[in-house]
Amino acid sequence: MTATARLTTPFTARTTAAEILDGVDLTGRRMIVTGGASGIGAETVRALAGAGAEVTVATRDPGRAAALVEEFAGPGAGSVRSAALDLADLSSVDAFVAAWEGPLHALVANAGVMAVPTRQLTPEGWEMQLATNYLGHFALARGLRDNLRAAGSARVVVVSSGAQLRRAVDFDDPQFERQPYEPWAAYFQSKTADVLLVVGIARHWAADGITANAANPGYIMTNLQRHLDDDTLRAFGVTMDEAGNRTVPDYFKSPAQGAATSVLLAASPLVEGVTGRYFEDNQEAEVVRGGPEPTTGVAAHSIDPASADRLWAYAEGVLAAR
């Protein structure tokens, strides 16, 4: 990847998801957006359906997508439906996969959790953040591989974060079984795993015509921050008045701007055939050394092929043991 010229686009950090698809017709394309009922997920759904796609919102509570479904119920543009999916429960992933029929042109792995305060485990014994952000999406993509292949030129988009810069996957203790659990360390690791997922798909599924890329949406105030206390939000630059009203700094994006990179990777002709890469602000990111200093770019440990293969084998082993 490092030997390939970085891809650039005419868009900026302030481009909205709808602007990415101006003039693009997605009629006949079938797409899934996990966590698509709110935040940047909902804006991703709006942009894709607005360009003509048939979009399924995969969410733990399908009722939360009712407004989106109704928004696209009339004539014109595309359509939106909802379906139940709990990424932390692999039986729920299995049920979603079993119910899906026909080709799938794009899977946007958007759902996620951040900084869960205490160590929580899924039924498979995985730490909740790594399970939700990575393993559930790995199992979902794996289960839908034949559907993606059937589309002929399908795309997988995994929403990661600049948090991937901070920590490599700890293969010696990924579930925090021996080391003390730390919410941010677990989150950082899970976002690195997300990038390694697209590297793995690029390495393992290229012959299927399936491409995969990771997106960093940037700073956006959404439900993802629900576990953060006021002091942590202040550290991110958010200010609050005595009544608790929050004001975000200028470098924060709107949800529509935050969804733009996901939409670029899911549907723009500008990235046709591009795979195994990491994008931020609608541009391919520079590869940098991980650690506390860099604020942009993708860490070398996040795109390391050997780590991608190791994580892929680890996840495969978990699924095979069920």
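Summary of values
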item	result
Qualifying residue in the range 188-195 (condition: closer than 17 Å to Thr275 by Cβ, among the acidic types (Asp, Glu) and modelled with pLDDT of 95 or more)	yes
Matching residues in the range 268-304 - criterion: being in a helix (DSSP H, G or I), open to solvent by 70 Å² or more (accessible area, probe 1.4 Å) and more than 30 Å from Gly23 (Cβ to Cβ)	none
Answer from Ser91, Ser82 - the residue that is assigned to a helix (DSSP H, G or I) and either at pLDDT 95 or above or crowded, with 24+ Cβ neighbours inside 10 Å (or both)	Ser91
Evaluation of Ser307 against (1) part of a helix (DSSP H, G or I); (2) within 17 Å of Ser190 (Cβ to Cβ); (3) in contact with a Lys or Arg (Cβ under 8 Å, 6 or more places away or on another chain); (4) open to solvent by 10 Å² or more (accessible area, probe 1.4 Å) (one fails), failing number	(3)
Which listed residue, of Ala115, Ala99, Ala13, is in contact with a Phe, Trp or Tyr (Cβ under 8 Å, 6 or more places away or on another chain), surrounded by fewer than 21 Cβ atoms within 10 Å (Cβ to Cβ) and under 28 Å from Ala193 (Cβ atoms)	Ala115
Test: residue in the range 123-146 that is within 20 Å of Val274 (Cα to Cα), open to solvent by less than 30 Å² (accessible area, probe 1.4 Å) and polar (S, T, N, Q)	no
Members of the range 206-219 that are open to solvent by 10 Å² or more (accessible area, probe 1.4 Å) and either outside any loop (DSSP other than H, G, I, E, B) or at negative phi (or both)	Ala206, Ala207, Asp208, Thr211, Asn216, Pro217, Tyr219
Long-range neighbours under 9 Å by Cβ, at least six apart or interchain, first residue in contact (Cβ under 8 Å) with a residue 24 or more places away in the chain and on the phi > 0 side of the Ramachandran plot within the range 166-180, second in a loop (DSSP other than H, G, I, E, B) and not β-branched (Val, Ile, Thr)	Phe176/Arg119; Phe176/Asp170; Phe176/Glu182
Verdict on Gln129 being in contact with a Leu (Cβ under 9 Å, 6 or more places away or on another chain), farther than 27 Å from Val271 by Cβ and at pLDDT 95 or above	no
Selection status of Ala42, in a loop (DSSP other than H, G, I, E, B) and either within 18 Å of the chain's Cα centre (by Cα) or of a type in the set (A, V, I, L, M, F, W, C) (or both)	no
Some residue of the range 108-115 being over 22 Å from Trp312 (Cβ atoms) and in contact with a His (Cβ under 6 Å, 6 or more places away or on another chain)	yes
Selection from the range 44-62 of residues that are open to solvent by less than 50 Å² (accessible area, probe 1.4 Å) and under 24 Å from Ala84 (Cβ atoms)	Thr44, Val45, Ala47, Leu48, Ala49, Ala53, Val55, Thr56, Val57, Ala58, Thr59, Pro62
Check on Arg178, modelled with pLDDT of 95 or more, closer than 20 Å to Ile201 by Cα and open to solvent by 50 Å² or more (accessible area, probe 1.4 Å)	no
Only listed residue being part of a helix (DSSP H, G or I), among the hydrophobic types (A, V, I, L, M, F, W, C) and either closer than 25 Å to Glu316 by Cβ or touching a strand residue (DSSP E or B) at 6+ places or on another chain (Cβ under 8 Å) (or both), chosen from Leu104, Leu48	Leu48
Residue in the range 16-38 that is surrounded by the fewest Cβ atoms within 10 Å (Cβ to Cβ), counting only those that are assigned to a loop (DSSP other than H, G, I, E, B), of a type outside the set (Lys, Arg) and in contact (Cβ under 8 Å) with a residue 60 or more places away in the chain	Val24
Arg203 being more than 16 Å from Leu311 (Cβ to Cβ), among the charged types (D, E, K, R) and open to solvent by 40 Å² or more (accessible area, probe 1.4 Å)	no
So Phe188, is it out of contact with any strand residue (DSSP E or B) (no Cβ under 8 Å at 6 or more places or on another chain), in a helix (DSSP H, G or I), within 29 Å of Trp100 (Cα to Cα) and in contact (Cβ under 8 Å) with a residue 12 or more places away in the chain	no
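The values are calculated or read from the model by the stated rules, or taken from the named source; none is laboratory data. All values reported here derive from a predicted model rather than from experimental measurement. Reconstructed Cβ throughout: ideal geometry from the backbone, glycine too, with neighbour counts over all protein chains shown. Ligands, DNA and RNA are stripped out before the accessible areas are found, and what is left, the full protein with its side chains, is counted by its heavy atoms. Shrake-Rupley method; radii C 1.70, N 1.55, O 1.52, S 1.80 Å.
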